[in-house]
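**Q** One structure coming up, written as structure tokens, with questions to follow.
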Amino acid sequence: MKITAGILLVIGLAVLLALVVWLGADKIAAALAAVGWNILWPTIFYAVPMGLATLSWRYLFPPHAAPGAGALFNAMWIGLAVNWVLPVAQVGGEIVKARLAMQAGATGPIAGASVVADKTVQAISQLLFGLIGTALLLATETSAGMISALLISCGVFLVLLVGFYRAQRAGIFGFLAGRLARIGGGAGSLLSLVGNATALDEAIGEVYGRPRAVIASCTLRLLGRVTVAV
């Protein structure tokens, strides 16, 4: 594994160097010189919303089974990197987060349930963030067509979100595992990772059975999105 990581690191550095040469090293150097050391501040500040996202995720674990905040921050960091850098459709990073949470002491079903619920919380906070933006736009924009389009988009997103939530509460993972087993396939990356679809469904039900924790998680996620706007 260490050899593979070393090879990938070399490949990544080579790609970065190629991009610098292709875009023009002189232009990049001039842009960096114009900005100066101030370019570091946005990078450092991003630890704030990422920390809020980590705390949001931690609320979705049972109080007695939550890994340490430091371990979850590391998992969040790596999961975001996977989602943003690799072509994994914003899903591969969640699998990595679940695996790292398990390495930090969480059981498979609990880790998987926290990731699935966290994805739901992300969607809820995104919807709320969009509605806040629409309200601010409404205060300054008079275009009825634009406002209507935004509201319709939020409405469609809400319908899809409710459907995703209801599917989770109905035991979607146990259902999918049964259907995939019948056609001879695997149970999918997440199901293969956590090992037991029924236990995963039960763990998801336990998460949503703590509404205060879910509300706190949504609040922290929304606050994180607001801080990103800074």
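The values are calculated or read from the model by the stated rules, or taken from the named source; none is laboratory data. Not measured: the values here are computed from a predicted model. Because the Cβ atoms are built from the backbone with ideal geometry, glycine has one as well, and the counts that use them run over all protein chains shown.
**Q** Evaluate region 80-100: report whether one residue or more is modelled with pLDDT of 90 or more, assigned to a helix (DSSP H, G or I) and β-branched (Val, Ile, Thr).
**A** no
**Q** Give me the pairs: first residue in region 211-230 and touching a residue at least 40 places away in the same chain (Cβ under 8 Å), second residue loosely packed, with under 15 Cβ neighbours inside 10 Å and assigned to a helix (DSSP H, G or I), beta-carbon distance under 6 Å, and six or more apart or on different chains, which are they?
**A** These pairs meet every condition: Thr227/Val48.
**Q** Which ones in region 114-172 are among the hydrophobic types (A, V, I, L, M, F, W, C) and in contact with a Cys (Cβ under 8 Å, 6 or more places away or on another chain)?
**A** Hits for region 114-172 are Val121, Ile124, Leu127, Leu128, Leu131.
**Q** Which number in (1) surrounded by 13 or more Cβ atoms within 10 Å (Cβ to Cβ); (2) at pLDDT 85 or above; (3) within 25 Å of Ile204 (Cα to Cα) marks the one condition that Val48 misses?
**A** All conditions pass for Val48, except number (3).
**Q** Please enumerate the residues belonging to region 184-230 that are surrounded by fewer than 18 Cβ atoms within 10 Å (Cβ to Cβ), at pLDDT 70 or above and hydroxyl-bearing (Ser, Thr, Tyr).
**A** Across region 184-230, the qualifying residues are Thr198, Tyr208, Thr219, Thr227.
**Q** Scan Thr4, Thr54 and give me the residue that is polar (S, T, N, Q) and surrounded by 10 or more Cβ atoms within 10 Å (Cβ to Cβ).
**A** Only one candidate passes the filter, namely Thr54.
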